[in-house]
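Only one structure is covered here, and it is reproduced in the block below.
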Amino acid sequence: MKKSAALLLSFLLVLGFFVFLLFFLSPGSEGTVIRAERTWEPEDARIDLNRASAEELQEISGIGPVLSEAIVAWREENGPFRQAEDLLQIPGIGEKTVDAIKDELVIGGIDENTGRG
């Protein structure tokens, strides 16, 4: 009987320890806990050239308000972009800029049958 009582007591102590840890590590608890900072990034944080607003386009490196408005205007007049190199048709955007930002872009929203968005 003494062994089973000792095992039960050990089990209760371990269980109590885990409850204690959960209480102090849970969000909103009053205890002070130091946690490692975690960052979460979506799988694809690229900007969709055919759907992004002028404000969203400004998140692309080197694209400010003037160029973002020009991109939106070109898209409204000419339809969706088919590739990043289509940006070369916009005054103020050159090959170096396209090469620098193409990894930040995704070309979405094109209907494969019509070639339009």
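The values are calculated or read from the model by the stated rules, or taken from the named source; none is laboratory data. The structure displayed is predicted, hence computed values, not measured ones. Note: ideal-geometry Cβ built from the backbone for every residue, glycine included; neighbour counts use all protein chains shown.
One residue alone among Ala6, Ala84 is at pLDDT 65 or above, of a type outside the set (D, E, K, R) and touching a Leu at 6+ places or on another chain (Cβ under 9 Å), and that residue is Ala84.
Within the range 100-117, work out how many residues are farther than 12 Å from Leu57 by Cα, modelled with pLDDT of 90 or more and of a type outside the set (A, V, I, L, M).
Residues that pass the stated criteria total 2.
Going through (1) on the phi > 0 side of the Ramachandran plot; (2) at pLDDT 95 or above one by one, Gly28 falls short only on (2).
Among the listed residues Glu76, Glu85, Glu59, Glu55, which satisfies the condition of being touching a strand residue (DSSP E or B) at 6+ places or on another chain (Cβ under 9 Å) and of a type in the set (Asp, Glu)?
Testing whether each residue is touching a strand residue (DSSP E or B) at 6+ places or on another chain (Cβ under 9 Å) and of a type in the set (Asp, Glu) leaves just Glu59.
Applying the condition of being of a type in the set (Val, Ile, Thr) and not in a helix (DSSP H, G or I) to the range 78-111 and asking which residue is surrounded by the most Cβ atoms within 10 Å (Cβ to Cβ) yields Ile93. Residue check: is Ile71 at pLDDT 95 or above, β-branched (Val, Ile, Thr) and buried (at least 16 other Cβ atoms within 10 Å of the Cβ)? It is true that Ile71 is at pLDDT 95 or above, β-branched (Val, Ile, Thr) and buried (at least 16 other Cβ atoms within 10 Å of the Cβ).
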